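Everything on this sheet refers to the single structure shown next.
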């Protein structure tokens, strides 16, 4: 199975900060990567698919980049609603696998 | 609007069985692949199983192969997960999730989940 490693596991930031989360795959997954946001007690929400395509309704301050084994999710200017946990997910092959998550906390 | 509602969770002893259901509303259920994804308390997300829109293909995460069975009834707009030989490590909230489009293998709608607790 392809292992997905996210870093950092926790990130402390302030409103207005630029935030970057990294996701590394144990082998090349081309651009078959999605990002989700999850808030406590809620289901995950799809943010980005195919590395950089924003899901409908997702604010443009979110962006994704990368290919092969290294990917990033960037929030250009952190907003109060963005404090949450973020997960990457590869869909290059089964078993589908997620990163361990990055919790974005208020500094 | 699209809604997925899970049910069937509960407390079960190790070695026991449970069947989860996921009722789908607001879209043409029979046109979409569906998944189960679980999340152990305080932990990350783990994909469990996938079923193609017409049930012709099914895939499972290694640790549940041979113990869990995914199925669907398109006439009832319902997805199922039959879980046998349950273990403590199967304790989690189980979410059903819709394929963004057929065969995409990422998820655009999720249910709120149903909690399965395996404990003696």
Worksheet item: If only Cα atoms are counted, what is the Rg of region B:14-65, and what is its Dmax, in Å?
Response: 13.0, 37
Worksheet item: Translational D (Stokes-Einstein, µm²/s) of the protein assembly as shown at 10 °C and 1.306 mPa s when Rh comes from the Kirkwood sum over C-alpha pairs?
Response: 89
Item to complete: With a cut-off of 11 Å, note down the residues of region A:21-64 whose backbone N falls inside the zone around a label point 7 Å from the Cα of residue A:77 toward its beta carbon.
Response: A:61
Worksheet item: Between residue A:17 and residue A:5, what is the spin-label point distance in nm, taking each point 7 Å from the Cα along the Cα→C-beta axis?
Response: 2.3
Worksheet item: Where does chain A land on the Kirkwood hydrodynamic radius, alpha-carbon pairs, in angstrom?
Response: 13.6
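Rounded to a whole number of µm²/s, how large is the Stokes-Einstein D of region A:45-107 at 10 °C and 1.306 mPa s, given Rh as the Kirkwood radius over C-alpha pairs?
Values: Rh = 12.7 Å.
Estimated diffusion coefficient is 125 µm²/s.
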Response to the item:
Note: region A:1-61, point scatterers on Cα, Debye, no solvent; log10 I/I(0) at q = 0.15 Å⁻¹ equals -0.58
Worksheet item: Taking a spot 7 Å from the Cα of residue B:120 along the direction of its beta carbon, which residues of region B:60-90 have an amide N less than 12 Å from it?
Response: B:88
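May I ask you to sort B:29, A:71, A:83 by Cβ crowding, counting other Cβ atoms within 10 Å and putting the fewest first? Please list the in-between numbers first.
Numbers: B:29 22, A:71 27, A:83 15.
In order of increasing Cβ crowding within 10 Å: A:83, B:29, A:71.
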Worksheet entry | When the convex hull of its Cα atoms is projected in every direction, mean area for region B:1-89 (nm²) | 6.1
Worksheet item: Taking Cα centroids, how far is region B:67-101 from region B:1-54 in Å?
Response: 4
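We did not get these values from a lab; they are worked out from the coordinates using the rules stated. Keep in mind that this is a model prediction, so the values were computed, not measured. Using ideal geometry, Cβ is built from the backbone for each residue, glycine included, and neighbour counts are taken over all protein chains shown.
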